[in-house]
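K.L.:
This is the structure, below, for whatever I ask next.
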Amino acid sequence: MFRLVSASLMTAALASGVYVHTQKPAFFSSVFSSESSSPSLSFMSSASAASAPSAFSPAEFRAFPLVMKQQITHDTNLYRFALPSSQHVMGMPVASCVVTKAPGEDGKPVIRPYTPVSSDAEDRGHFDLIIKVYPDGKMGQHIDTLRLGESLEVKGPFTKLAYAPNMHRQIVMLAGGSGITPMYQVLKEIARNPADKTKALLLFANRTEDDVILQSELDKLAAEHDNITVKYLISAPKRGTPRGYITEQLLKTELPPPSEDAMVFVCGPESFYKAISGLKNPDKSQGELDGYLKKLGFAKEQVLKF
């Protein structure tokens, strides 16, 4: 599923000293298989997340160098940035995001939010962003043109939801395209805690099978945890996958009745929000609830727009 962009990129990444022992994470298993001549990739994990130093700051932008880039789909890449040392973590609670900054054409900086797919619980010395690169996407284009050693300015974290185990009996996640990243963050947090009995249902919408991000990781979470269910909806299938969309009728069938025990997460492109939950406010606050979820009787407090 993943293609290494350049062997020289890996050589430089290894030379940075961030990657120091041999266990292969499942995330890269299709790249660094036993048959591959590429070196295996792994991370330090000797310090607990609680005691490890945090690299990010919500008060200021800090620069982090690019150490690796991998192609995931035809228009989506994973970018790995080094933290100050192999013992550092991001300092990211679940669920939260960061914002990135790049120079703008008019002299004003371009600011965009992203959710890292790495986590403090599992990763040291680096953080990973998965980004869909649009032809007219200023930040995506900026990040995609960074060369190894060049830095990205990052500020955060900014907490969207202070997740706690069993805070809801059921969470339904509605994701479109790269909107999967905050859902993946929460799903990993649920999966790593045996005491968390939250039932999580992910409905993941994409245009084609080739556009699905993190499918093997999501399938693994669902296969290993009875309380996690993942369903894919493909609107323009290429390989015989049944055609599917997130519609009002589908949500009526799949979602639990509105209650204090259930929460719905939404993340995707603007058209996705507009149809399902209504748009966020211009200042990125939640805004009023609209769309399918309002028609189905959900209250504003029962829906979180990432």
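Each row is one residue, and each column tells you yes or no for (1) modelled with pLDDT of 95 or more; (2) among the hydrophobic types (A, V, I, L, M, F, W, C); (3) within 25 Å of Val117 (Cα to Cα); (4) buried (at least 19 other Cβ atoms within 10 Å of the Cβ).
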position	(1), (2), (3), (4)
Lys252	yes, no, no, no
Leu279	yes, yes, yes, no
Pro282	no, no, no, no
Glu288	yes, no, no, no
Lys295	yes, no, no, no
Lys300	yes, no, no, no
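K.L.:
Within the set of pairs 6+ apart or on separate chains, which have a first residue in the stretch 173-196 that is closer than 11 Å to Leu214 by Cβ and among the basic types (Lys, Arg), a second that is at pLDDT 95 or above and assigned to a helix (DSSP H, G or I), and C-beta atoms under 8 Å apart?
P.N.:
Lys188/Leu221
K.L.:
State yes or no: is Lys231 touching a strand residue (DSSP E or B) at 6+ places or on another chain (Cβ under 9 Å) and farther than 28 Å from Gln71 by Cα?
P.N.:
On the way: touching a strand residue (DSSP E or B) at 6+ places or on another chain (Cβ under 9 Å): yes; farther than 28 Å from Gln71 by Cα: no.
It is false that Lys231 is touching a strand residue (DSSP E or B) at 6+ places or on another chain (Cβ under 9 Å) and farther than 28 Å from Gln71 by Cα.
K.L.:
If you check Pro93, Pro84, Pro109, which single one turns out to be within 29 Å of Met167 (Cβ to Cβ) and surrounded by fewer than 20 Cβ atoms within 10 Å (Cβ to Cβ)?
P.N.:
On the way: Pro84 fails: within 29 Å of Met167 (Cβ to Cβ); Pro109 fails: within 29 Å of Met167 (Cβ to Cβ).
Exactly one of Pro93, Pro84, Pro109 is within 29 Å of Met167 (Cβ to Cβ) and surrounded by fewer than 20 Cβ atoms within 10 Å (Cβ to Cβ), namely Pro93.
K.L.:
Take the stretch 255-285 and flag every residue that is farther than 14 Å from Ala299 by Cα, assigned to a loop (DSSP other than H, G, I, E, B) and without any contact (Cβ under 8 Å) to a residue 60 or more places away in the chain.
P.N.:
Leu279, Lys280, Asn281, Pro282, Asp283, Ser285 - these are the residues of the stretch 255-285 that are farther than 14 Å from Ala299 by Cα, assigned to a loop (DSSP other than H, G, I, E, B) and without any contact (Cβ under 8 Å) to a residue 60 or more places away in the chain.
K.L.:
Among the numbered criteria (1) assigned to a loop (DSSP other than H, G, I, E, B); (2) modelled with pLDDT of 95 or more; (3) among the hydrophobic types (A, V, I, L, M, F, W, C), which single criterion is violated by Ala49?
P.N.:
(2)
K.L.:
Residues of the stretch 227-250 being assigned to a helix (DSSP H, G or I) and either within 20 Å of Ser216 (Cα to Cα) or open to solvent by 50 Å² or more (accessible area, probe 1.4 Å) (or both), which ones?
P.N.:
Within the stretch 227-250, the first condition is being assigned to a helix (DSSP H, G or I), and the residues that meet it are 248-250.
Result: Glu248, Gln249.
K.L.:
Please go through the stretch 174-196 and give me each residue that is touching a helix residue (DSSP H, G or I) at 6+ places or on another chain (Cβ under 9 Å) and farther than 21 Å from Gly278 by Cβ, ordered by number.
P.N.:
Tyr184, Leu187, Lys188, Ile190, Ala191, Asp196
K.L.:
Moving on to the next point. Keeping to the stretch 114-140, report how many residues are more than 15 Å from Gly91 (Cα to Cα) and either small (Gly, Ala, Ser) or modelled with pLDDT under 95 (or both).
P.N.:
8
K.L.:
Give the number of residues within the stretch 138-167 that are in contact with a helix residue (DSSP H, G or I) (Cβ under 9 Å, 6 or more places away or on another chain) and either surrounded by 15 or more Cβ atoms within 10 Å (Cβ to Cβ) or among the aromatic types (Phe, Trp, Tyr) (or both).
P.N.:
Qualifying residue count for the region: 5.
K.L.:
Would it be correct to say that Lys274 is modelled with pLDDT of 95 or more, touching a strand residue (DSSP E or B) at 6+ places or on another chain (Cβ under 9 Å) and open to solvent by 40 Å² or more (accessible area, probe 1.4 Å)? Outline the logic, then answer.
P.N.:
On the way: modelled with pLDDT of 95 or more: yes; touching a strand residue (DSSP E or B) at 6+ places or on another chain (Cβ under 9 Å): no; open to solvent by 40 Å² or more (accessible area, probe 1.4 Å): yes.
In short, no.
K.L.:
Leu221 versus (1) out of contact with any Gly (no Cβ under 9 Å at 6 or more places or on another chain); (2) surrounded by 17 or more Cβ atoms within 10 Å (Cβ to Cβ); (3) part of a loop (DSSP other than H, G, I, E, B): which is the lone unmet condition?
P.N.:
(3)
The values are calculated or read from the model by the stated rules, or taken from the named source; none is laboratory data. Not measured: the values here are computed from a predicted model. Don't worry about glycine lacking a Cβ; one is built from the backbone with ideal geometry, like all the others, and counts go over all protein chains shown. Just so you know, the surface numbers come from the protein's heavy atoms only, side chains and all, with ligands and any DNA or RNA stripped out. Shrake-Rupley method; radii C 1.70, N 1.55, O 1.52, S 1.80 Å.
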